[in-house]
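To start, the structure under review is shown below, and the notes come after it.
The values are calculated or read from the model by the stated rules, or taken from the named source; none is laboratory data. Note that this is a predicted model, so its numbers are computed, not measured. Glycine also receives a Cβ, built like all others from the backbone with ideal geometry; neighbour counts cover every protein chain displayed.
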Amino acid sequence: MFGSCAVDPSHVIMMPPVEYSPPPESNKTLFTYEDLANATQGFSDANIIGRGGFGYVHKGVLPTGEKVAIKRLKVGSRQGESEFQAEVATANRIHHKHLVSLVGHCTTGLERLLVYEFVPNNTLEYHLHGKETDLLSWDKRMKVAVGTAKVLAYLHEECEPKIIHRDMKSTNILLDCNFEPKVADFGLARFFPETNTHVSTRVMGTFGYLAPEYALTGKLTEKSDVFSFGIILLELITGRPPVDKDQFLDDNIVDWARPLMKRVLKDGNFSSLVDTRMQNNYDCTVMARMIACAAVCVHHLARRRPSMSQIVGVLEGNLTLRHLDHHNCHESSDHDN
């Protein structure tokens, strides 16, 4: 039985109620709650394909026969309302073949729902780290790396103002039937005014993918996304998750991989770093390019990380590794100034 105590009402901090706002003007379809309930068989548990702090994602079928993924945000959640507004605002401005498309949304009472195209082949995290999945081949890993790099280059360098995703991770990279990547989840995305060198914000994102300067200071730049992309490259190269929960020591993929990357880029023997399940079935020249990109992306100093368009060029072989040399990632101290 729990004890009881008297509480001075003057010391009780009351949280302000969640402020609900109409969605930004949108060219997307506005669904009714009934439309989406019917599409998901009453939001049946059998149709749940994802879940998180935001709520649940259900697979649905519209009357047209189109399959969709419906994200139902938690009612009364301040973060859920913020994510809803960010997703709709961002979706109105961005169009890229490697982005998951927002089909429409629903605001009924306190309900906030987002309707996306359905991407049928699960997440990159599932294919790399799932226990009952087929091996992801080297060609498919390269396809994922290049496609993801291209969409980040688009967000950072072609959108005005630029957009920082802020939660790049393998669970937010969905794969279609041809293993082409589609980046999802813009609930934490931030627009980045051209006049600013950085924005200061509450630290959000996923442990294991956060750039060190962002985690420590809350200062956000596009180089925060570059660091997270470097972690994704390390997952593709090594087959390891960002944080190995089964290991007490060396549980951080960057700390484990950094000295190995420096060594293998010098001696050309990748066996100590590369996912052993691939059994050396990869092109060594292309592997060297990916390792060099990963190394410079996860540099401790943000200013030494490259732009995403440079990474695309190196991964595709249109730029040489010399274009990364001035970042001096694998040759300089991670703690220089």
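Scanning segment 57-77 for residues that are modelled with pLDDT under 80 and either closer than 23 Å to Thr171 by Cα or surrounded by 15 or more Cβ atoms within 10 Å (Cβ to Cβ) (or both) yields one hit, Ser77.
Yes/no per residue for (1) at pLDDT 95 or above; (2) in a loop (DSSP other than H, G, I, E, B); (3) more than 14 Å from the chain's Cα centre (by Cα); (4) surrounded by 15 or more Cβ atoms within 10 Å (Cβ to Cβ):
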position	(1), (2), (3), (4)
Lys131	no, yes, yes, no
Ala149	yes, no, no, yes
Leu152	yes, no, no, yes
Thr197	no, yes, yes, no
Glu213	no, no, yes, yes
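Scanning segment 25-55 for residues that are farther than 20 Å from Gly80 by Cβ and of a type in the set (Val, Ile, Thr) yields one hit, Thr29.
If you go through segment 78-116 and keep only what is charged (D, E, K, R), at pLDDT 90 or above and within 21 Å of Glu158 (Cβ to Cβ), you end up with just Lys97.
Residue check: Cys284 meets all listed conditions (1) within 25 Å of Ser307 (Cβ to Cβ); (2) surrounded by fewer than 17 Cβ atoms within 10 Å (Cβ to Cβ); (3) in contact with a Gly (Cβ under 8 Å, 6 or more places away or on another chain) but one, namely (1). Let me confirm something: among Arg263, Arg289, which residue is in a helix (DSSP H, G or I) and free of Cβ contacts under 8 Å to residues at least 12 places away in the same chain? Selected residue: Arg263, the only one of Arg263, Arg289 that is in a helix (DSSP H, G or I) and free of Cβ contacts under 8 Å to residues at least 12 places away in the same chain.
So that you can scan it fast, the table gives a plain yes or no per residue for (1) within 18 Å of Met142 (Cα to Cα); (2) modelled with pLDDT under 95:
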{"residue": "Asp250", "(1), (2)": "no, yes"}
{"residue": "Ala257", "(1), (2)": "no, no"}
{"residue": "Leu260", "(1), (2)": "no, no"}
{"residue": "Val264", "(1), (2)": "no, no"}
{"residue": "Val274", "(1), (2)": "yes, no"}
{"residue": "Tyr282", "(1), (2)": "yes, no"}
{"residue": "Ile291", "(1), (2)": "yes, no"}
{"residue": "Ala295", "(1), (2)": "yes, no"}
{"residue": "His299", "(1), (2)": "no, no"}
